[in-house]
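Comments concern the structure below.
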Amino acid sequence: MRVAIIGAGPAGLAAAIELSRLPFVDYTVYEKANQVKEIGAGISIQPSTWRLLEHLGAAQHLRNSDWFAPEDHHYVRHYNGRTGRLLSTHFQENIPENLLHARCQRAVLQKALLASNDRSRIRTSKKLVDILQLPSGRVQLRFEDGFLDEVDLVIGADGVRSMVRNHAFPEHKISYTGRTVYRTLLPTDLARRVSGLPVDAVIFWHAPKGQWVYTCNLGGGVYELTVMTNEPLTDTEQQCVSWGEDAEVGSMSSHFKNFHRPLQDLFAMTGSIQRYAAFAGPRLPTVISNGNVALIGDASHPLSGAFGAGAGFALEDAYTLARGLSWAHSISSSALLVDALKLFDRVRSPHYERLYGVLDAFKAVGETLADPNVTLNDDEEVAVLVATNWAKRHGWIYEYDITVEVERLGTNVGVSWEKIVEPARARL
Ligand SMILES: Cc1cc2nc3c(=O)[nH]c(=O)nc-3n(C[C@H](O)[C@H](O)[C@H](O)COP(=O)(O)OP(=O)(O)OC[C@H]3O[C@@H](n4cnc5c(N)ncnc54)[C@H](O)[C@@H]3O)c2cc1C
């Protein structure tokens, strides 16, 4: 089976490791950048992500100093950003020491995944520009430099602005959410100079209208400052900012003028910052198409980092897709690629439906707070937001164990394979 993976972000690199273990698959990773860039700010490693990094062999390339995990096992603290008052702390319970929630630089994760990849399978400077469905059921891929490939399966791991998704679901559109994110990395030692700033912690400092400042130690002497604002960008600005365009620190801090002193001091120490427009789109009805396209990672769920768990979701997708391919190959010699994709979709689409449901609930809270009849002052509004949208009941997102989900389906498949695959075949 010839497979093309489009994109060498966490999703594409994880999928490549998975496929390298399937002897019946011949795969190539195509990445538009001229090198697999180890860039970005902070990223979360949840318990499920740790399990998958172990499974992928990538965890062995991460040293303890590469990441940060709070000593008291909290995974997040929520403060009122104006008063500096602690509103809630969420602790991890019954999580083994080696799986505790951690934060690291995206670059560190990329490097660990790359180290477990066969580099000869990764082709850089290959921007996919066109996909053609052939009468044979195969897919022809055309790249910007004129290079062509023909494959049985295309895995779209090409991020939030996915070209593969545009091909598979032309009616699906992502749009600017009206939110602008600022990010920077600072030396942790510099952050330690800020009096009253809890450096060894994972913190959201909340402001009204869903704006926040996020501070976190990332390990390796690096400290993260990420800021969510409701700053509107022009059409031109929205298009050119994708994961980082240099911006003024002052335009970021202007949104938080009344914030707690330590945050003001941290802003004052920040020399440079980047911003990007947060784009998102509605949930896809399915993450597969035409029996020969599968979407994984941000391409499959354009949520624009809404849950801060994009890398974890990407690894879960790659794992599930590989298990689907493996089962379809081993259980029935007559199994079709579409059967494997169907299995993948049966696990992941309901999961994303649930995640989008959480976002709908968030939106409802925002609408209630915006109702002119609701008269809360800023601090009361922040307290309500933290008690609702940021409540611990959403912890399942981070503790979800994909291996259990996949095994459960696998057991069912063993019992009733035909029941699952026949309806898929009937649609061909
Ligand atoms: C440069 C960059 C920096 C990021 N920094 C952060 C961060 O600091 N914190 C955070 O939480 N998330 C960050 N993200 C997003 C984060 O990596 C994802 O949310 C998550 O890890 C899932 O990864 P992904 O592989 O699905 O998507 P991505 O990480 O977005 O990777 C997609 C890959 O596909 C490639 N690609 C896109 N279009 C094409 C095409 N037409 N042809 C070939 N290749 C293509 C891109 O160059 C990219 O390498 C960043 C993404 C990028 C691209």
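Details
- In a reduced charge model with +1 at each Lys and Arg Cβ and -1 at each Asp and Glu Cβ, the chain shows a dipole moment near 320 debye about its Cα centre.
- Charge-dipole axis of the chain as Lys and Arg at +1 and Asp and Glu at -1 on Cβ define it, positive-most pick from Ile273, His172, Thr320: Thr320
- Mean projection of the Cα convex hull over all viewing directions, computed for region 110-225: 11.6 nm².
- Within the chain, longest stretch free of exposed GluC sites (Glu not before Pro) [DSSP loop, at most 15 other beta carbons within 10 Å]: 249-428
- Lysine pairs meeting the criterion (Cα under 18 Å, 8 or more apart or interchain), as found in the chain: 10
- Pairs of Cα atoms farther than 43 Å apart, the chain, %: 13
- Exposure ranking of Lys257, Lys111, Lys342, Lys126 by accessible area [1.4 Å probe, largest first]: Lys257, Lys111, Lys342, Lys126
- Choice from Phe204, Phe143, Phe256 showing the highest fluctuation, given a GNM over the chain with Cα pairs closer than 10 Å: Phe143
- A simple packing score, the average count of other Cβ atoms within 10 Å per residue, orders the peptides 291-297, 320-326 as 291-297, 320-326, with the highest score first.
- Based on alpha carbons, the Rg and Dmax found for region 175-280 are 13.6, 40 Å.
- Structure remark: mean-square fluctuation, Gaussian network model of the chain, C-alpha springs under 10 Å; the largest value among Ala361, Ala383, Ala299 belongs to Ala361.
- Of Ser300, Ser253, Ser125, the one that fluctuates the most in a GNM where the chain has Cα springs shorter than 10 Å: Ser125
- The mean sequence distance of close C-alpha pairs (under 8 Å, at least 6 residues apart), as a share of the length of the chain, puts its relative contact order at 20 percent.
- Of the peptides 210-217, 128-135, the order by per-residue mean of other Cβ atoms within 10 Å, starting with the highest, comes out as 210-217, 128-135.
- Percent accessible area from carbon and sulfur atoms, region 175-280, protein chains only, probe 1.4 Å: 51
- Within region 262-282, backbone nitrogen closer than 12 Å to the virtual label 7 Å beyond the Cα of Ser251 toward Cβ: 273-277
- Placing pseudo-labels 7 Å out from each Cα toward the beta carbon at Phe24 and Lys363 gives an inter-label distance of 4.1 nm.
- Cβ-Cβ distance of Glu97 and Asp189, R₀ of 41 Å, FRET efficiency by 1/(1 + (r/R0)^6): the value works out to about 0.95.
- Here the 3J(HN,Hα) profile of region 122-131, calculated from phi with Karplus coefficients 6.51, -1.76 and 1.60 at θ = phi - 60°, is 9, 10, 8, 6, 10, 8, 6, 10, 8, 10 Hz, Gly and Pro shown as x.
The values are calculated or read from the model by the stated rules, or taken from the named source; none is laboratory data. Quick caveat: nothing in here was measured; it's all calculated off a predicted structure. Cβ: placed from backbone, ideal geometry, glycine included. Neighbour counts: every protein chain shown. Surface areas here come from the heavy atoms of the whole protein model, side chains and all, with no ligands, DNA or RNA. Shrake-Rupley method; radii C 1.70, N 1.55, O 1.52, S 1.80 Å.
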